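Q: Quick one: the structure is below, and I'll ask about it shortly.
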Amino acid sequence: MPNSFKIRLKNLSFTKKFILGGSFLTLIAVFLPWYKDIDKFNTGDIFLGITGPLYLAGVIVLLAAISSFGIIFLKLLNKPVPKIPLKENHFHILNSGLSIFMLILSVSVFFHHKFGINLIDKNVGIGMYLTFIGSGFIMLGAIMSIKKSDVSFEQEGNLEPLINLNSEEERLAQNIKPKEQNVKKEADKVKVSVQDSIDEFTDDIQNTNDINTNDR
């Protein structure tokens, strides 16, 4: 089948594969242990990303990962993609940034000395590390995709000439036209001056002839 899912996945750009893999990793990591603790009675608890007192942060990370994964996966299935108010790459950056912010917030609260005052040991689970890595992959892939689109040679473009000949000709014509008018005015002045000189010379000759005639 020429347009199968495997072929579309194979033809998917490297940056989109980066985002797809990062969002899938984040989806899995949310259901893995994020942190565990041991109290003074030597009993402990292990909390997944969507459980425990900080479950809401895990839910937000899960929704962000689902949205980034879903957009690319729907395109692979040739299904219509819901409209989003941002460009796709910017949307992925927003999701990954939100996820990283939630992770930092969860870690800062969990390791605060007033969080669980009876706890004597606190540890970060594998799920937290993988979520950080997956969110980082999403952000990195989106940034690389933006950089690639800025310098892409695949899109057809138009080469603009360094000099616009039409505008240059119009500019020269505008510059020449006043000069021609000035030259014409100067030529008219010279013509009038020459004509006046000829008329004066003719009048002088006529006056001389009249004088000679009277003398005779």
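One line per residue, one yes/no per condition, for (1) at pLDDT below 90; (2) buried (at least 17 other Cβ atoms within 10 Å of the Cβ); (3) not hydrophobic (A, V, I, L, M, F, W, C):
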site	(1), (2), (3)
PHE18	yes, yes, no
TRP34	yes, yes, no
ILE46	yes, no, no
LEU62	no, yes, no
ILE72	yes, yes, no
ASN78	yes, no, yes
ILE84	yes, no, no
HIS92	yes, yes, yes
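Q: Sort out which residues of the stretch 99-117 are part of a helix (DSSP H, G or I) and surrounded by fewer than 16 Cβ atoms within 10 Å (Cβ to Cβ), and write them in order of number. Write out each step before concluding.
A: Kept after step one, since they are part of a helix (DSSP H, G or I), are these residues of the stretch 99-117: 99-110.
Correct list: PHE101, ILE104, LEU105, SER108, VAL109.
Q: Being among the hydroxyl-bearing types (Ser, Thr, Tyr) and more than 27 Å from PHE5 (Cα to Cα) is the filter; apply it to the stretch 59-110 and report the residue that is nearest to the chain's Cα centre (by Cα). If you could, list the steps in order and put the result at the bottom.
A: First pass over the stretch 59-110, keeping only residues among the hydroxyl-bearing types (Ser, Thr, Tyr): 67-68, 96, 99, 106, 108.
If we keep only those that are more than 27 Å from PHE5 (Cα to Cα) as well, we get 99, 106, 108.
Details: SER99: 22, SER106: 32, SER108: 33 Å.
Among them, the one singled out is SER99.
Q: In this structure, is THR51 at pLDDT 80 or above and not hydrophobic (A, V, I, L, M, F, W, C)?
A: On the way: at pLDDT 80 or above: yes; not hydrophobic (A, V, I, L, M, F, W, C): yes.
So THR51 fits the description; yes.
Q: Show the residue pairs meeting these rules: Cβ distance below 6 Å; 6+ apart or different chains; first residue within the stretch 76-101 and in the same structural domain as THR26 (by TED's automatic domain parsing) and of a type in the set (A, V, I, L, M, F, W, C); second residue surrounded by 12 or more Cβ atoms within 10 Å (Cβ to Cβ) and not in a helix (DSSP H, G or I).
A: Cβ pairs passing all conditions: PHE91/ILE84.
Q: Determine if the stretch 140-147 includes at least one residue that is of a type in the set (Ser, Thr, Tyr), part of a helix (DSSP H, G or I) and modelled with pLDDT under 90. Spell out the reasoning first.
A: Of all residues in the stretch 140-147, those of a type in the set (Ser, Thr, Tyr) come to 145.
This time we only want the ones that are part of a helix (DSSP H, G or I), so: 145.
Checking the rest, the ones that are also modelled with pLDDT under 90 come to 145.
Yes.
Q: Check off (1) without any contact (Cβ under 8 Å) to a residue 24 or more places away in the chain; (2) in a strand (DSSP E or B) for ASP37 and give me the number that stays unchecked.
A: (1)
The values are calculated or read from the model by the stated rules, or taken from the named source; none is laboratory data. Being a predicted model, the structure only gives us computed values, none of them experimental. Don't worry about glycine lacking a Cβ; one is built from the backbone with ideal geometry, like all the others, and counts go over all protein chains shown.
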